[in-house]
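> Here it is: the structure, laid out below.
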Amino acid sequence: MSSPERSAMSVFGPVVKIHPVVLASICDSYERRNEGASRVIGTLLGTIDKHSIEVTNCFSVPHNESEDEVAVDMEFAKNMYELHKRVSPTEVIIGWYATGFDITEHSVLIHEYYSREASNPIHLTVDSALQSGKMNIRAYVSAQMGVPGKTVGVMFTPLTVKYVYYDTERIGVDLLQRTRVTPSRTKGLTSDLSQVAGSAARVQDMLTTVLAYIEDVLSGKVTADNSVGRFLMDLVNKVPTISAEDFENMLNSNINDLLMVTYLSNLTQAQIALNEKLVLL
């Protein structure tokens, strides 16, 4: 897993780590919402440890709300969770999400339900309508406040939000990043060799940056940073000890295997297309 991209609203409490598939699912649910619906809500799934809450999945829950009341299809939420447990038994209910920028009175009622399904659930708000000019994403936990024996209210306290992704998710994230610079907002998948070449170019650029920093430190142009030095030492220790000749042989072998798989794939596609034409005749 990569390190967090960025964070927002830091307070004492667990760190909420959100995967890109969750944000994509929430935005998709918002775009597919029923006519007249102002927002969508759903269940958040993931894992919990001592210091963080990792949100790895979610699903939307049908609901209707007006100024006076809110109705949520709790039976649908339970059935969906049972289905998710069959696929990912390690993911548990950790809270719920709602599109929008603010926490409403109805949010308190919905949060009470999720408090019965999870211990101290989180509430995630996603500004999918970009009311503030950007997609603000905030996470909260609730705490009761008031005088014991009298009226008790609920206070939502913000948590630190960080964005993380698995290595397999990075392919989709990089593809989405490339669509930002294309006028049509569309971008096709690149071939395996192109991805290898792109990764090699990025590694070379990073190595160039590291070498430039080291040369500046040795020449006295830049003051040495001990934390950077520790990271570089850790990076050097992770590099396997292998001769240049062995590395070249290993790389050529892997490239040959990749070319063979690509050739067989193209050959299979050609045979399938030829078979379809013969069947039509």
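The values are calculated or read from the model by the stated rules, or taken from the named source; none is laboratory data. Since the model is a prediction, treat every value here as computed from it, not as a measurement. Surface accessibility is based on the protein's heavy atoms, side chains included, excluding ligands, DNA and RNA. Shrake-Rupley method; radii C 1.70, N 1.55, O 1.52, S 1.80 Å.
> Note the full-extension length gain between V181 and C27 as 0.36 nm times their separation in residues minus their Cα-Cα distance, in nm to one decimal.
Details: separation 154, 0.36 × 154 = 55.44 nm, distance 2.08 nm.
Stretched out fully, the V181 to C27 stretch lengthens by 53.4 nm.
> Taking a probe of 1.4 angstrom, what is the accessible area of I171 in Å², to the nearest 10?
90
> Same structure again: Could you state the principal axis extents of the C-alpha atoms in segment 193-239, from the largest down, to the nearest angstrom?
Computed over segment 193-239, the largest-to-smallest principal extents equal 40, 22, 12 Å.
> Strictly greater than 16 Å: what percent of every Cα pair in segment 197-281 meets that?
Values: 2654 of 3570 pairs.
Considering segment 197-281, 74 percent of its Cα-Cα pairs are separated by more than 16 Å.
> On a 0 to 90° scale, report how tilted helix 192-219 is relative to the longest principal axis of the chain, with both axes built from alpha carbons and the result rounded to the nearest 10.
Value to nearest ten degrees: 90.
> Only bridges whose two residues both fall in segment 15-167 count here: according to DSSP, what percent of them are antiparallel, nearest 5? All intermediate terms of the calculation are to be shown ahead of the outcome.
Values: 30 of 42 bridges.
Percentage antiparallel, nearest 5: 70.
> Let me ask something else about it. Rounded to the nearest 10 Å², what accessible area does H84 show when all protein chains are kept and the probe is 1.4 Å?
Roughly 40 Å² of H84 is accessible to a 1.4 Å probe.
> Next up: How far is helix 167-179 tilted off the main Cα axis of the chain, in degrees rounded to 10, range 0 to 90?
Once rounded, the angle reads 90 degrees.
> If you don't mind, another one. Please work out whether segment 107-146 counts as rounded, prolate or oblate from its C-alpha gyration tensor, where a ≥ b ≥ c are the square roots of the eigenvalues and a/c under 1.5 means rounded, while otherwise a/b larger than b/c means prolate and anything else oblate?
Details: a/c = 2.76, a/b = 2.25, b/c = 1.23.
Prolate, since a/c reaches 1.5 and a/b exceeds b/c.
> Continuing with this model, one more query. Out of the DSSP beta bridges found with both residues in the chain, what percent are antiparallel (nearest 5)? Intermediate values should be presented prior to the final figure.
Values: 32 of 44 bridges.
DSSP beta bridges in the chain are roughly 75 percent antiparallel.
> Still on this model: If you find the alpha carbon centre of segment 126-143 and of segment 84-102, how far apart are they in angstrom?
What the calculation gives is 17 Å, centre to centre.
> A further question follows. Can you pull the percent of the chain's accessible area that's carbon plus sulfur, 1.4 Å probe, other chains left in place? Numbers along the way, then the final one.
On the way: 11020 of 19470 Å².
The computed percentage sits at 57.
> Once each part is reduced to its C-alpha centroid, what is the distance from segment 152-180 to segment 191-245 in angstrom?
Using only Cα atoms to place each centre, the spacing works out to 27 Å.
> Still on this structure, please answer the following. Quote the accessible area belonging to D49 in square angstrom, nearest 10, computed with a 1.4 Å probe and with ligands, DNA and RNA left uncounted.
For D49, the solvent-accessible surface is approximately 90 Å².
> Then there is this: Let me have the relative contact order for segment 15-167, percent, based on Cα pairs under 8 Å that are six or more residues apart.
Details: 275 pairs, mean separation 36.3, N = 153.
The normalised contact order for segment 15-167 reaches 24 percent.
> Between D216 and A200, 0.36 nm times their residue separation minus their Cα-Cα distance comes to what?
Contour length minus Cα-Cα distance gives 3.3 nm.
> How long is the gain from V261 to M155 if the chain were fully straight, where each residue apart is worth 0.36 nm and the alpha carbon distance is subtracted?
On the way: separation 106, 0.36 × 106 = 38.16 nm, distance 5.75 nm.
Result for the pair: 32.4 nm of gain on full extension.
> Further question: Among the listed pairs K134/K162; K17/K238; K17/K134; K162/K221, give every one whose C-alpha distance is greater than 23 Å. Mind showing how you got there, number by number?
Details: K134/K162 16 Å; K17/K238 26 Å; K17/K134 19 Å; K162/K221 34 Å.
Over 23 Å Cα-Cα: K17/K238; K162/K221.
> What is the angle, in °, between the Cα long axis of helix 74-87 and the longest principal axis of the Cα atoms in the chain? Nearest 10 is fine, range 0 to 90.
30
> Answer rounded, prolate or oblate for segment 15-167, using the Cα gyration tensor with square roots of eigenvalues a ≥ b ≥ c: rounded when a/c is under 1.5, else prolate when a/b is larger than b/c, else oblate.
Details: a/c = 1.27, a/b = 1.13, b/c = 1.13.
Note, shape of segment 15-167 comes out rounded.
> Go from 0 up to the bin containing the longest alpha carbon distance in the chain, width 10 Å each, and give me the % of pairs per bin.
Pair shares across the bins are 5, 19, 24, 21, 17, 10, 3, 1, 0.
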